[in-house]
Amino acid sequence: MPQGDFIWCELMTSDAKAAEGFYRDVVGWTADETGVAGIPYTTFKAAGAPVAGLMELSAEMRDAGASPGWLGYVYAGDVDATARRVTELGGVIHRAAEDIPQIGRFAVVGAPDGAVFALFKPSDGGDGPPRGRMVPGHVGWHELMAGELESAFAFYAELFGWVRTEAIDMGPMGIYQLFAARDGEEAIGGMMTRLPEMPASFWLYYFNVEALDAALERVTAGGGTLINEPMEVPGGAWVGQCLDPQGAMFALVALRR
C-alpha cells in the first residue's frame, strides 16, 4: 500500500457501548468485538467489510485530558522514520511508535498546527478497508480545518506526497483545497484555513449514508447534535456535521437529501 493513503478511522470515547449503538443506528454499521492483548476493541463493518474501530478511553487517557474524538490513520511504509520526519517538519510525536501484536505498528503524531493523526503499517501488509468513495457505511471524505492552508498543505505534501486537485473559492471563508494521495487519482479529502471561531485545528471524517435527512433524524433521535444545517457541496452531494452523544465530532455525506 503506498505511503499517504488513509487506512483506518477510529473512535476513542467515554462510553463505548453507547457509542456502538449510536453509530450502528445512524450509519448502519454492524459491530464485532475484536479485542487484542486484553484491550477491548470493536470493529465497525459495512456489508461485512471492516471500515472503522471503536475503543473506550482509559482512565489514564482521561486523566491526561483526552476527550471523545475520531482519529484517522495514514499508511506509512516505515512508521518510525515517518514519525521522525513529522518532527523534522515542525510537528510532534504524541505517542511513540509501537507494535500492536499481530496487527501492526503505529504512532500518534501532530502537525505543526496541532491537528492530530496516526501513522500505521499493518503486519500483513494489507490494503486496509475497501475504498468506497460514496458507498454507504464507508469513510467517504477526510477534511482538515488547518491553522493556515498553505503551510498545512506543504507539511502533508512533504510528509506523504499528497497533491492538489481542485481549489474551490468559498468566498469570505477562503479557499477549500481538494487533495489526492497521488497524481492522477481521485481526491480523498479537502483542507482549508479554519474559521476564527474554531479554537484548534482538527481532522473531520465523513461517513457515507444513503439519504442525509433520514440519517440526521437518527442522529438527533439518538442523542446527538446537528452542528450545521445540511449543505449541498460541489458534485451534488449533501453533507451535515454532527456531535455524537459523547461529544465526538463527525460528519455524514450522501448523494441525496
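The values are calculated or read from the model by the stated rules, or taken from the named source; none is laboratory data. This structure is a prediction, so every number in the text was calculated from the model and none was measured. Don't worry about glycine lacking a Cβ; one is built from the backbone with ideal geometry, like all the others, and counts go over all protein chains shown. When the accessible area is computed, the model is the full protein with side chains, heavy atoms only, and any ligands, DNA or RNA have been set aside. Shrake-Rupley method; radii C 1.70, N 1.55, O 1.52, S 1.80 Å.
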Next on the checklist: List pairs: first residue in region 50-77 and closer than 22 Å to Lys121 by Cα and touching a residue at least 12 places away in the same chain (Cβ under 8 Å), second residue hydroxyl-bearing (Ser, Thr, Tyr) and assigned to a loop (DSSP other than H, G, I, E, B) anywhere in the structure, Cβ distance under 7 angstrom, at least six positions apart or on different chains.
Outcome noted: Gly53/Tyr41; Met55/Tyr41
Checklist entry - Going by the conditions given, is Glu186 touching a strand residue (DSSP E or B) at 6+ places or on another chain (Cβ under 8 Å), open to solvent by 30 Å² or more (accessible area, probe 1.4 Å) and more than 30 Å from Lys45 (Cβ to Cβ)? => result no
Next on the checklist: Cβ contacts < 7 Å: first residue under 17 Å from Gly140 (Cα atoms) and assigned by the TED database to the domain that holds Ala154, restricted to region 164-183; second residue of a type in the set (D, E, K, R) and open to solvent by 60 Å² or more (accessible area, probe 1.4 Å), any location; separation 6+ or different chain. Result?
Outcome noted: Gln177/Arg164; Leu178/Glu166; Phe179/Arg164; Ala180/Glu186
Next on the checklist: With the requirement that a residue be within 14 Å of the chain's Cα centre (by Cα) and part of a loop (DSSP other than H, G, I, E, B), what does region 3-59 give you?
Outcome noted: Gly4, Asp5
Checklist entry - Is one or more of the residues making up region 191-201 surrounded by fewer than 18 Cβ atoms within 10 Å (Cβ to Cβ), touching a Phe, Trp or Tyr at 6+ places or on another chain (Cβ under 9 Å) and over 21 Å from Pro68 (Cα atoms)? => result no
Checklist entry - Within region 208-222, is there a residue that is surrounded by fewer than 21 Cβ atoms within 10 Å (Cβ to Cβ) and assigned to a strand (DSSP E or B)? => result no
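When you scan region 235-248, how many residues do you find that are buried (at least 18 other Cβ atoms within 10 Å of the Cβ) and at pLDDT 95 or above?
Count: 9.
Conditions (1) assigned to a strand (DSSP E or B); (2) surrounded by fewer than 17 Cβ atoms within 10 Å (Cβ to Cβ); (3) aromatic (Phe, Trp, Tyr), marked per residue:
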| site | (1), (2), (3) |
| --- | --- |
| Phe117 | yes, no, yes |
| Phe120 | yes, no, yes |
| Val135 | no, yes, no |
| Leu144 | yes, no, no |
| Tyr156 | no, no, yes |
| Glu166 | yes, yes, no |
| Leu178 | yes, no, no |
Checklist outcome for this item: Gly72 passes all but one of the listed conditions (1) open to solvent by less than 50 Å² (accessible area, probe 1.4 Å); (2) farther than 20 Å from Met198 by Cβ; the exception is number (2)
